[in-house]
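Participant: This structure is in structure tokens; I'll ask about it shortly.
The values are calculated or read from the model by the stated rules, or taken from the named source; none is laboratory data. All figures in this text were calculated on a predicted structure; none of them were measured in a lab. Using ideal geometry, Cβ is built from the backbone for each residue, glycine included, and neighbour counts are taken over all protein chains shown.
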Amino acid sequence: MPIEFADRIRRIPVYPAADGYALASDVALLASNETPYPPLEAVQRAVVDALGGLNRYPDPTNSALRSALSDRYGVPAHRITVGNGSCDILLAAGEALLEPGAEIVYAWPSFSMYPHLAAASGARAIEVPLDAEHRHDLDAMRREITAATRLVIVCNPNNPTSTAVTLEEIAEFVASVPRHIAVVVDEAYIEFGLLQDPDESIDLLAKHPNLVLLRTFSKVYGLCGLRVGFGLCGSDDFRIAVDQVRQPFFCNAAAQAAAVEALRHQDEVARRVERNLAERLSLEDGLRPLGIEPAQSHANFLWFDLPGRDPDDEQRSAEVEREVVRALADRAILVRSGTALGRVGALRVTVGTEADNTRFLEALGALL
């Protein structure tokens, strides 16, 4: 007789992780929105220095990191939560806020982790379609908020579509949400956007105690392998709740040390953003001669429909997508399938190095 598991295990979708982790080093890894640039040497040294204390548990309060984040963003340390990646904070928010009978509202397609929150808690997920430009339809999301709503998530810039809404639109939306409903604005890619200074949205926290700005060290800081995320909160209620439902020591010592050091190098962050923007524009320019017009990107990746995608023939669109993804993989180029991310016949492609981007464009051109 097989093991009997809880009903929620059957509800929770499998996270669509990218392939390629066991492949050779000559693979163009354009599937996971990682930065192609390694951590700074100073950050690597901070990790090495932390290794000597691995016989001790990490600081369970993440005090040094929260203090450094407070200095960087001007948010009191008691209103900053830290996690094993921003996904850890999201899952904890679902456990702390959601239950059967409650509702969570988010756009779709959006970050693949959001459906897990409702599935794990038994809450009802309200998925609001993006608009024709692959952007959040905030008016439509507002109309879906009911007495049962506990959590609203806005991914800005949005993953997987790379699009963003303006700070003014975000501010108006947050102001319209009742104050007893938690609003998480997931800003994992905010540093790459051109619509606002990344620090501007922080001013909203003083006006909205129900607001959380969710950010990460994985992307622009290049610390995917250590998994450090953080939330800047409008009040300490959210931090207390998500910390209460998680295991202790959820952020390891090496990750804390690396993140503290990374925050000291904002000039390098700016340089990396500029370099990524230049490569992103070059990649966009290379797609247009192939008959591809990507969505307007404010992230470190592009989102586009493949030529041959037919909204009236989903099976054919899926076949085109599978063939292109497979053929690129045969050429040691990994990209993300749109079907796995919510749109059949689309691709999400991370902006890589100049060499990787050129390799991708040449291969895609030959295939099309």
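Participant: Which condition from (1) under 25 Å from Cys224 (Cβ atoms); (2) among the hydrophobic types (A, V, I, L, M, F, W, C); (3) surrounded by 20 or more Cβ atoms within 10 Å (Cβ to Cβ) is the one that Ala120 breaks?
Facilitator: (3)
Participant: Yes or no: Phe238 crowded, with 20+ Cβ neighbours inside 10 Å, closer than 26 Å to Arg143 by Cα and not polar (S, T, N, Q)? Please lay out each step first, then the result.
Facilitator: Values: crowded, with 20+ Cβ neighbours inside 10 Å: yes; closer than 26 Å to Arg143 by Cα: yes; not polar (S, T, N, Q): yes.
Here the answer is yes, as Phe238 does meet what is asked.
Participant: Can you tell me which of (1) hydrophobic (A, V, I, L, M, F, W, C); (2) closer than 21 Å to His134 by Cβ; (3) in contact with a Leu (Cβ under 6 Å, 6 or more places away or on another chain); (4) surrounded by 16 or more Cβ atoms within 10 Å (Cβ to Cβ) is the one Leu341 doesn't meet?
Facilitator: If we test Leu341 against (1) hydrophobic (A, V, I, L, M, F, W, C); (2) closer than 21 Å to His134 by Cβ; (3) in contact with a Leu (Cβ under 6 Å, 6 or more places away or on another chain); (4) surrounded by 16 or more Cβ atoms within 10 Å (Cβ to Cβ), just (3) comes out false.
Participant: Moving on. Sort out for me the helices (runs of 4 or more DSSP H) sitting completely within region 65-152 that have 3 or more residues that are in the same structural domain as Leu302 (by TED's automatic domain parsing), without any contact (Cβ under 8 Å) to a residue 60 or more places away in the chain and closer than 29 Å to Phe249 by Cα.
Facilitator: none
Participant: From the set of residues in region 161-191 that are in contact (Cβ under 8 Å) with a residue 40 or more places away in the chain and of a type in the set (Val, Ile, Thr), which is nearest to Val344 (Cα to Cα)?
Facilitator: Among those residues, the one meeting the criterion is Thr161.
Participant: What number goes with the only condition from (1) in contact (Cβ under 8 Å) with a residue 24 or more places away in the chain; (2) of a type in the set (Gly, Ala, Ser); (3) touching a strand residue (DSSP E or B) at 6+ places or on another chain (Cβ under 7 Å); (4) not in a strand (DSSP E or B) that Ala50 does not pass?
Facilitator: (3)
Participant: Let me ask something else about it. Is it true that Gly74 is modelled with pLDDT of 95 or more and on the phi > 0 side of the Ramachandran plot? Write out each step before concluding.
Facilitator: Numbers: modelled with pLDDT of 95 or more: yes; on the phi > 0 side of the Ramachandran plot: yes.
So Gly74 fits the description; yes.
Participant: Please work out if Arg45 is assigned to a helix (DSSP H, G or I) and at pLDDT 95 or above.
Facilitator: The answer is yes for Arg45.
Participant: Can you pull out the residues in region 73-90 that are among the aliphatic types (A, V, I, L, M) and buried (at least 19 other Cβ atoms within 10 Å of the Cβ)?
Facilitator: Taking region 73-90 as the starting set, the residues that turn out to be among the aliphatic types (A, V, I, L, M) are 75, 77, 80, 82, 89-90.
Across region 73-90, the qualifying residues are Val75, Ile80, Val82, Ile89, Leu90.
Participant: Then there's this: Being charged (D, E, K, R), buried (at least 21 other Cβ atoms within 10 Å of the Cβ), at pLDDT below 95 and under 27 Å from Thr216 (Cβ atoms) narrows it down to one of Arg272, Arg280, Arg336, Arg348, so name that one.
Facilitator: Values: Arg280 fails: at pLDDT below 95; Arg336 fails: at pLDDT below 95; Arg348 fails: at pLDDT below 95.
Checking each option against the conditions leaves just Arg272.
Participant: Let me ask another. Please go through region 161-188 and pick out each residue that is surrounded by fewer than 20 Cβ atoms within 10 Å (Cβ to Cβ), among the acidic types (Asp, Glu) and farther than 16 Å from Pro209 by Cα.
Facilitator: Of everything in region 161-188, those that are surrounded by fewer than 20 Cβ atoms within 10 Å (Cβ to Cβ), among the acidic types (Asp, Glu) and farther than 16 Å from Pro209 by Cα turn out to be Glu168, Glu169.
Participant: Looking at region 243-258, is at least one residue modelled with pLDDT of 95 or more, buried (at least 23 other Cβ atoms within 10 Å of the Cβ), of a type outside the set (A, V, I, L, M) and in contact with a helix residue (DSSP H, G or I) (Cβ under 7 Å, 6 or more places away or on another chain)?
Facilitator: There is at least one residue in region 243-258 that is modelled with pLDDT of 95 or more, buried (at least 23 other Cβ atoms within 10 Å of the Cβ), of a type outside the set (A, V, I, L, M) and in contact with a helix residue (DSSP H, G or I) (Cβ under 7 Å, 6 or more places away or on another chain).
Participant: A follow-up question, please. Which of the residues belonging to region 302-336 are touching a residue at least 24 places away in the same chain (Cβ under 8 Å) and either among the β-branched types (Val, Ile, Thr) or closer than 16 Å to Ser32 by Cβ (or both)?
Facilitator: Of everything in region 302-336, those that are touching a residue at least 24 places away in the same chain (Cβ under 8 Å) and either among the β-branched types (Val, Ile, Thr) or closer than 16 Å to Ser32 by Cβ (or both) turn out to be Leu302, Trp303, Val320, Val324, Leu328, Ala329, Ala332, Ile333, Leu334, Val335, Arg336.
Participant: From the list Asp236, Asp285, exactly one residue is touching a His at 6+ places or on another chain (Cβ under 6 Å) and either closer than 18 Å to Asn62 by Cα or of a type in the set (D, E, K, R) (or both). Which is it?
Facilitator: Result of the check over Asp236, Asp285: Asp236.
Participant: Can you tell me which condition Glu261 does not meet? The list is (1) modelled with pLDDT under 95; (2) acidic (Asp, Glu); (3) under 15 Å from Ala68 (Cβ atoms), and all the others hold.
Facilitator: (1)
Participant: Select from region 51-72 the residues that are out of contact with any Cys (no Cβ under 6 Å at 6 or more places or on another chain) and crowded, with 18+ Cβ neighbours inside 10 Å and list them in ascending order.
Facilitator: Answer for region 51-72, where residues must be out of contact with any Cys (no Cβ under 6 Å at 6 or more places or on another chain) and crowded, with 18+ Cβ neighbours inside 10 Å: Pro58, Leu65, Arg66, Ala68, Leu69.
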